[in-house]
Every structure is written in C-alpha cells, then in structure tokens.
1. Enter the Cα centre distance for the pair region 166-233 and region 234-309, rounded to the nearest angstrom.
2. What's the FRET efficiency of F251 with D161 using the Cβ-Cβ distance as r and R₀ = 30 Å, to the nearest 0.05?
3. Kindly state, to the nearest 0.05, the FRET efficiency for S388 paired with T294, given R0 = 25 Å and r defined as their beta-carbon distance.
4. Write down the Å³ per residue value for the convex hull defined by the alpha carbon atoms of region 144-218.
5. Once phi is turned into θ = phi - 60°, what whole-Hz ³J(HN,Hα) does the Karplus curve with 6.51, -1.76 and 1.60 give for every residue of region 160-166, x standing for Gly and Pro?
6. Which aspartates and glutamates does K425 reach when only Cα atoms under 14 Å apart count, and residues fewer than 8 places away in its own chain are ignored?
7. Along Cα→Cβ, 7 Å out, is where each label goes; now give me the distance between the ones at T64 and E347 in nm to one decimal.
8. How many percent of the accessible area of region 32-71 is carbon or sulfur, using a 1.4 Å probe?
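The values are calculated or read from the model by the stated rules, or taken from the named source; none is laboratory data. Keep in mind that what you see is a predicted model, and the values were worked out from it rather than measured. No Cβ is skipped: glycine too gets one built from the backbone with ideal geometry, and neighbour counts run over all protein chains shown. Surface accessibility is based on the protein's heavy atoms, side chains included, excluding ligands, DNA and RNA. Shrake-Rupley method; radii C 1.70, N 1.55, O 1.52, S 1.80 Å.
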Amino acid sequence: MASFPDSVNENDIGKAKFIGELLVPVAPFDQKSGREAWTVAFAPNGSYFAWSQGHRIVRLIPWTKCLDSFSVGHGEEGTNALSPRHLSRQSSDGGQVVPAAGQPPEHTIDCGDIVWGLAFGSSVPEKHSRCVNIEWHRFKFGQDQLLLATGLNNGRIKIWDVYTGKLLLNLMDHTDVVRDLTFAPDGSLMLVSASRDKTLRVWDLKDDGNMVKVLRGHQNWVYCSAFSPDSSILCSVGAGKSVFLWNMDKFTLIRKLEGHHHDVVSCEFSPDGALLATASYDTRVIVWDHDKATILLELGHLFPPPSPIFAGGANDRWVRSVSFCPDGRHIASVTDDRLVRFWSIEERAPLAIASVSNGLCCAFSAQGSVLAAGTRDGSVHFWECPRSIASLQHMCRMALRRVMSTQQVEALAIPALLCDYLTYKVI
C-alpha cells in the first residue's frame, strides 16, 4: 500500500512551507486522552484564531500576532522569514493575556468539559431573526459583534463574546457529544450543531439561543456540517456513509449523496457554492456537484484503493479533515498517514505535502494564504498554501456560480464546452 499512485513520484511533489506552530506545555503526568485539538477555526473577518488545545481549554489569539511571529510570505519587518517560529501557550488556567497597546486581547477559556467543536459567528444587525413575533431580546448584537460557539463532550453548547471572553449563552438540548458547529455565513447568527445523538439542531442566537428546528434523518453519529455560501443549503455527514443535503429555508431534506464506502467525517462547500468536498474513512475526498448529485473528482490517499467492502479499517489512510481554500482552486486534507496534502481541483495528485503527526483537523485562514492543522497533542501547525495566479476564466466562473445553480447554467444558450467548464465538468 502506498500514499501515492505509481504514476506519481513522491520526490516530485512540492513540500509545503512550514511557518510556525502553537505548542501546549505537557505536564509530567499528563493524561493521554483529552489533549486533542479537535477543531481549529479562523474568524471570518480575520481578526482571531481559535483552537481547542485539550483539557477543556480553548485559546483565542489575535491572528495578527500569529502572523507577526510566523513571518508569512517574504517576511515582515523585524522578523526572520527563513525559519519557522514557535508560540508556546504557557497558561491553561483561564484568564486574559494583557495585549500590547492597540492589539485585540488574547483569551484562555475554560469551557468546563472536553471541546469537540468550534465556530465563529458574526452579526449583521439588519438581518432579522427567522422567528416571528419577537419583541424582546436579552442580547442586542452590534455591527462588530463576534461570537465563538463551543460544542462540548456533555452535549452542551456555550456561546462566548470573542472580544471580552465572557460567556453569553449556555444551550442545552443534545443528549450526546456535540461534534461540530457551524454558523450561517449570512450574518443571521443561525447556528447548526451536529451531535453523536444522531441529530442536527438549529439555533437562532438573535432570539437568545432559541432552538428553531431539529433535523432528523441520520441513523448514526453526525460528524460535521457546513453551510453553502448563501446559507440556503446545509450539508451534514456522518457514520454509515451518510452525506445529506438540507434546505435551510424549509428545514427539509433535499437529497442524499451516495458514493462513499465508509464513515464520512468532514465536509465543506467551495467559496462559490458550486462544489462540495467530503472526506471519508474510505481513504478518499470526493468533490461533488451537489446540484446534480454527481461526483466530479475523487482524490485518493491510498493506492491501490481499497475495495468497497474493505474500505476503511486499519488501512492507515483515514482522511480526518478536508478544507476548501477561499480561492476556490485548492483543497487541503489531513490523514492518518501523517501527511497534509494540498490539492488543486485541476489535478488528481497533490500539489504539495507536509508532515504532521497525528493530525485531526484543518482550516484555511480567511484570506486563504495559511493552513492550520490541529493534532492529538493539542498543538497547531501552520503552512503556507501553494500560491498561483487564478485565471480570468476561473474568476468569472466563480462569479457566475455564486448566483446560478448547475441547472440554471445548463439552461443557458451557450456552447457545450463552455457549459462544461462553468459546471466544473471540465476543470
């Protein structure tokens, strides 16, 4: 078994540039379990980075502080761009680190239980609650409001004010681990939680955390969920090969996507909403046209690929996480073969790889220049994303697909080759 097909020479694959890490001090008698960084997240406005560093602790760090220390790109003033930098997180007992003048505060949050899911949410005041006849609110969210939701081992969800580190809401309804959280990107502060209790729950934070709907349909654990960029569709994935698409205006199931052979653990839409990437324990990342329920691209991590009946298991190539770059052209995946892979949607072999021990999750920064990956020891590693200039055709395709579905594009009176390009049949 190999990590790459015979047609690909591993020595010819580029090496992603490692730029830094966030370390967690290890106590002399530290437990093996409970230290995992199950989730890493970037604030949508690029102001903060957050990760669950284990033992109930979430760290909130101004992203500019990380950038200054890690020397991204060709180097910033006063830094050495030739060598990676390390930030050691020394305090884990809660509290606030005093920032330099003019810098956002850094927070250490004790959530009271193991943290599995993290999500940032930002408010748009003119975006009304989806509930009706609401005349009184406990919280009034301003233009610059930034929230952090944490999903816990005991089934609770805690909502924090990012700028102050204060607890705002405590949401209690799940009966098992809250594995993942995601906010609607439209600024409505609609939050979806995915749980091992086999349900997804929709919460309206503008209505003081009122639970709007319970989405049922999964027969096993729900691992992850993701909103489309226009917030109209939710994808949820879970055990038993499950990939579900939900209409978030009606809270109804649209369709199931079939193609994986094992548990599906991670999902994310492309920035234009045309593509959906899902990662599975069957050693593959699949890129879908979710409008047509068709597979456009399969990114393999084990060669020869396992047969469907043996997919997964002890093959040492489980894909743990997948993330779409904001440029719409690159995808990152984290696997159990101790590699991070950077893919182009135009290729079936990785553009670049990097080594990471026991990686669990990954996420791109808001600008797409940096990838963060969390590990089992609670630390986070950072790499530069491979850089290339997007073609004018690709930028026009993304602009069009933000407002048109595959069916709408196919209805246009345009040449077949152009239609295939716009629907990503030809990348």
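1. So the separation of the two Cα centres works out to 19 Å.
2. Computed FRET efficiency for F251 and D161: 0.60.
3. 0.40
4. Enclosed volume per residue, from the Cα hull, is 83 Å³.
5. Each residue's phi maps through the Karplus curve to give 10, 7, 5, 6, 10, x, 8 Hz.
6. Excluding near neighbours in sequence, the set is D289, D291, E298, E346, E347, E410.
7. Here the answer is 3.5 nm between the modelled labels.
8. The computed percentage sits at 52.
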